[in-house]
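Asks: Here it is: the structure, laid out below.
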Amino acid sequence: MAQPQAAAPGESATTVGAPRTAAEARAAVTEAAEQGGVAGDTGDVVIETRRLAKQYRGTLAVDGLDLRVPRGSVFGFLGPNGSGKTTTIRMLMGLIQPTSGSARVLGRPMPNAARSVLPRVGALIEGPALYGFLSGRHNLLRFDAADPTADPRTRKARVGAALERVGLAAAADKKARAYSLGMKQRLGLAAALLQPRELLVLDEPTNGLDPQGMREIRALVRELAADGTTVFLSSHLLDEIEQVCTHAAVMARGRLIAQGTVAELSAGSRGRLGVTTPDVAEAARLLAARGLTGLVTEEQKVIGELPAEPPDLAELNAELVGAGVRVRGFGLERTSLEDTFVALTGEGFDVAG
Amino acid sequence: MRVWWSLGLLRSELVTVFRRWRTLALFGVLAGVPLLVGIAVRIETRNGGTVGGGPRGDNGPAFLEQVSNNGLFLTFASLAATLPFFLPMAIGVVAGDSVAGEAGGGTLRYLLVAPAGRTRLLVVKYASVLAFCVVATLVVALSGLIVGFALFPVGEVTTLSGTTIPLSAGMLRALLIALLVAGSLVGIAALGLFVSTVTDSGIAAMATTVGLLITVQIVDTIPQLHVVQPYLFPHYWLSFADILRDPVQWTGIAKNLGLQALYAAVFGSAAWARFTTRDVTA
Amino acid sequence: MALIQPARPEPEQPDEPGGRGRKLARYGVPVAVAGVAAATIGLVPALADAGDPSLPSVTAEQLLTKIAASQTRTVDGTVKVTTDLGLPDLSGGSALLGGLGTPGSGGSGDSPAAPQSQLTQLLTGSHQLHVAADGPDRQKISIIEPAAEYSLIRNGTQLWAYDSGSDQAYHATLPAPSQQHEGLGGAADGVPTTPQAAAEQVLKAADGTSRITVDGTARVAGRSAYELVVTPEHATDTTVGAIRIAVDSATGVPLKFTLTPKGGGKAVFDIGFTRVDFGTPAAGTFTFTPPKGVKVTEGSTPSRAASPAPQGAAPTVLGKGWDTIAVIDTSALNKGAGKGADGGFAGFGAQGKDKPARGSGDSGSGDVSALLNGFGSKVSGSFGTGTAVHTRLVNALLTDKGTLYVGAVTQSALVQAADAAK
């Protein structure tokens, strides 16, 4: 059963970029908590994978993944399409057998403990899938009947409440094939909310929604998180993660390249200064002298990364002007996950699709 | 409690299967066969002629000659006419679609994370296909009974051996035959279920199952292949007619049911092996 | 850290995905089920047949005496008949054979329920029969077909037949219970429908021309039996290789009859019980009342004393014993048929009274020569030219002058006979 593809223990650590220390610190905390006897359901890690890997016909879709999702977090799972997010989620949900490594969800191994774990997990995987010939209500009744732990006596009430919660009560008795994409997405969410869940796994929940729909879904996610539900939210939309999530992990080409709190991840990339001027060469020389790195010179603009201990920006500006640089614009560019992502992977974020 | 909740999934599955327009259309086609046969026989025999043309009636479906004398035989003739292709094709469609259709539609992943449990879901799927077998057979039988009673005289039943039994006994045998016909479909139901776990396309699974049925039916008629024929699932299908002999011959019926049970065991467990270990990527 | 590592709630083992091992183990289930089934199908009959029964040894004479002395006149059982003459399995084949064996009987205007058209089908392929008998006068033979059945019931002088395939019945009145011995299944002379009938025909013919030996024992239809082997002697031209008859050790009733040709290969004719009970069948077995709405064809009463064949068509016999050749003048037969004299089927020879006016002339020798031309090959000799039909047992030669030579002999023997007649 030995898989040659299994990542060496140390390998994954090297892939973790900037927030290495913070992540390691938290890892140590959770490990300590588990060792204290509170491992399992009551532990503060709801998803934990160890060197999780999946190989499809020779290509590694997921490679040595060490993921830790703390309880109570809204965890953003970020990565371009095809980076292995969905494969990871399917392995976490027991739909796919890992090639190597292990995954624990709510403290129990997956997929072996699927029967006891999954009733406490609501999931929306790769968009909604419905029976077009059944009404929205009957779709939910069917998914609820599939759960052996769901009480049939409260089924109707729970289905009604779930429909209410996602705002589909009015359209509940229409055939699902007549639903718009947004309605289908909501019905999929309703299926994930049929029971009180400890963990919600939402794979691209705002995909195909209009801005209003996106706002509603995000509000719902915040509401659920406020109730104490851990939300594991995969997305390829950076601002979505930034707006909603407390924690995030970044995947690229099957590997986990960073994970931590959103604040930590953003902090990982220091501020960037942009100077708009026709005298780009002189400006760049001066900025480099003041410790800025990664200078990019455009036709009318110079962008650079501020050093760890940045100089006073007012003084810097004065200095530029004093040196005869015609400053037309001077300011900090917004630091974001995207910067982190670019910094970590050295490539742009493919938002298409 | 667990059992009750499992029944909940079964009930949901049955509702899902029997509510579909496709299922109702299949029933419609199946119910139409006895009607067509009945009307054809009625027209053919209006002037006292016989059906089938040839003096031996070898080429016509079984029991057709008896229909004009006794409407109950329309039930038997309809079952004999639909058993080789119509009924198993309907089963092939429903069984082939059972898992593959859910996979293709994506609903399979939601059932599995519900979590329906793979073994439990497969058992429920097979149970619902078997229920479809019974209902489909009863649709043919009841349609044959109604049309037969409406168009032809009904009375004492002549067995294949030439003896006569009362109508009530004949009706009882008709019920038994319907159940045997339904039982004859257990094998292809399991075969279709297995095929259904192999692919993510409902259409492909249906086509494969129906294709297998046709292939097996053809192989069953090639004399040079007689060595394998006793192991083909349709080989003893017509044994249900042995119920109408006097005395009833149970050997062929037992062989048929045994063979069906064997197919159910082999392909049912193959479906289980496949379904419980496969990656669900659709 | 490792020092204070406590036991985890779950052992690490289940964390490891089972992967390929678990997959293989699961696929082992259907394979095992199929394997067990195959073994069961293969072994159970083998075990059931295993070990030929050990019986006190007997001589052939003793066994023949036992057969002759057999008092069993009641039987209820299932018989399997397999005929492999090496002819293509065409419906015309049985008509041809019927025509050969019983000239002129292939009238196409017969009721589908009439015995002659039904029983000749036994001469090709494999059939299952249900046989019941209570003495020489009460017999029932059913040919079990898929979803159909042909029943022939004899009760004293009343002969009934019912064909479920056509839903028609046939009735004839036979001459008063005959003095002549009628074996089980003898209702259809010429076409043996029980191993006993077949054995009686052969043993009668074998007397003095064959070597008869006892060759071990066998188990047939769950009963212990001696195996009697009849090998033709002093016969150079016959195509018959050997005949094997399994004789029930308790009752002396032949249970299985197998004829293998001299050329070797599969048996040409194999008839045996697959289930047999020597108790008296229920009396109701032999009563038949035509069901309402069923068309009944009334057969004529044959006269047993009369020649079964039409005038002028009576075969002359050449040679003796196994080398016997029947010679039939088909031109005379044609004439006879043209006159409307129907070909008689030995034992029944009945024709429907309401038979359509279609003459049987076109189904007499005309049919025979047409079929011969279809199957046969041209041969020539000093007799002239003719058409020969070859099967694994019976050969036939129809000269262009219209003389038909038939026998279980080689084709060259037929040519020689034709040459000699010249």
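Please treat every number below as a calculation from the coordinates, not as lab data. This structure is a prediction, so every number in the text was calculated from the model and none was measured. Here the Cβ positions follow ideal geometry from the backbone for every residue, glycine too, while neighbour counts run over all protein chains shown.
Asks: Which residues in segment B:251-276 place their backbone N less than 19 Å from a point set 7 Å from the Cα of B:Val198 along the Cα-to-Cβ direction?
Replies: B:262-276, by backbone N distance to the label point.
Asks: What's the FRET efficiency of A:Gln212 with A:Asp239 using the Cβ-Cβ distance as r and R₀ = 22 Å, to the nearest 0.05?
Replies: Computed FRET efficiency for A:Gln212 and A:Asp239: 0.85.
Asks: I want to check the label-to-label distance for A:Arg115 and C:Val29. Put each point 7 Å from Cα in the C-beta direction and report it in nm to one decimal.
Replies: Label at A:Arg115, label at C:Val29, 1.3 nm between them.
Asks: Okay, moving on. Could you work out the local net charge near B:Leu122, counting Lys and Arg as +1, Asp and Glu as -1, over the other residues with Cβ closer than 13 Å to its Cβ?
Replies: +4
Asks: On to the next question. Taking a spot 7 Å from the Cα of C:Asp52 along the direction of its beta carbon, which residues of segment C:214-237 have an amide N less than 18 Å from it?
Replies: It comes to C:214-231, nothing else.
Asks: On average, how many beta carbons from a partner chain sit within 10 Å of the beta carbon of a residue in B:153-161? If you can, show how the numbers build up before the last one.
Replies: Values: counts 2, 0, 3, 3, 1, 10, 5, 12, 12.
So the per-residue partner count for this stretch is 5.
Asks: Further question: Counting only other chains, and only Cβ atoms inside 10 Å, what mean value do you get across the residues of A:85-95?
Replies: 3
Asks: If you don't mind, there's one more thing I want to ask. Normalise the Debye intensity by I(0) for segment A:270-334, one equal point scatterer per Cα, no solvent, then take log10 at q = 0.12, 0.23, 0.27, 0.29 Å⁻¹ and round to two decimals.
Replies: -0.22, -0.90, -1.30, -1.53
Asks: List residues of segment B:242-282, by number, whose backbone nitrogen lies under 13 Å from a label position 7 Å along Cα→C-beta of C:Arg22.
Replies: Label zone hits: B:273-280.
Asks: How many nm is it between the label spots at B:Leu179 and A:Ser180, if each spot is 7 Å from the Cα in line with the beta carbon?
Replies: 5.5
Asks: Determine the shape class of segment B:220-265: with a ≥ b ≥ c the square roots of the Cα gyration tensor eigenvalues, call it rounded for a/c under 1.5, and otherwise prolate if a/b is greater than b/c, oblate otherwise.
Replies: It is oblate, given that a/c is not under 1.5 and a/b is not larger than b/c.
Asks: Which of the residue pairs C:Lys140/C:Lys262; B:Lys255/C:Lys262; C:Lys66/C:Lys262; C:Lys140/C:Lys292; C:Lys256/C:Lys295 have a Cα-Cα distance greater than 26 Å in the structure shown?
Replies: C:Lys140/C:Lys262; B:Lys255/C:Lys262; C:Lys66/C:Lys262; C:Lys256/C:Lys295
Asks: Order these peptides, A:75-85, A:209-219, B:239-249, C:271-281, by their mean beta-carbon neighbour count within 10 angstrom, highest first. Intermediate results must be reported in sequence, preceding the final value.
Replies: Values: A:75-85: 24.0, A:209-219: 15.1, B:239-249: 21.5, C:271-281: 18.6.
Averaged packing, sorted descending, gives the order A:75-85, B:239-249, C:271-281, A:209-219.
Asks: Quick one: check the C-alpha center-to-center distance for segment B:147-167 versus segment A:130-208, whole angstrom.
Replies: Between the Cα centres of segment B:147-167 and segment A:130-208 lies a distance of 54 Å.
Asks: Let me check I have the definition right: for segment B:90-177, take the eigenvalues of the Cα gyration tensor, multiply each by 5, take square roots. What are those semi-axes in whole Å, largest first?
Replies: Working: eigenvalues 355, 34, 17 Å².
Semi-axes (√(5λ), whole Å): 42, 13, 9.
Asks: Another question, then. Looking only at Cα atoms, what is the convex hull volume of chain B per residue, in Å³?
Replies: 142
Asks: Just counting partner chain Cβ atoms within 10 Å, what average do the residues of peptide A:290-302 show around their Cβ?
Replies: The mean count of partner-chain Cβ atoms within 10 Å per residue comes to 0.
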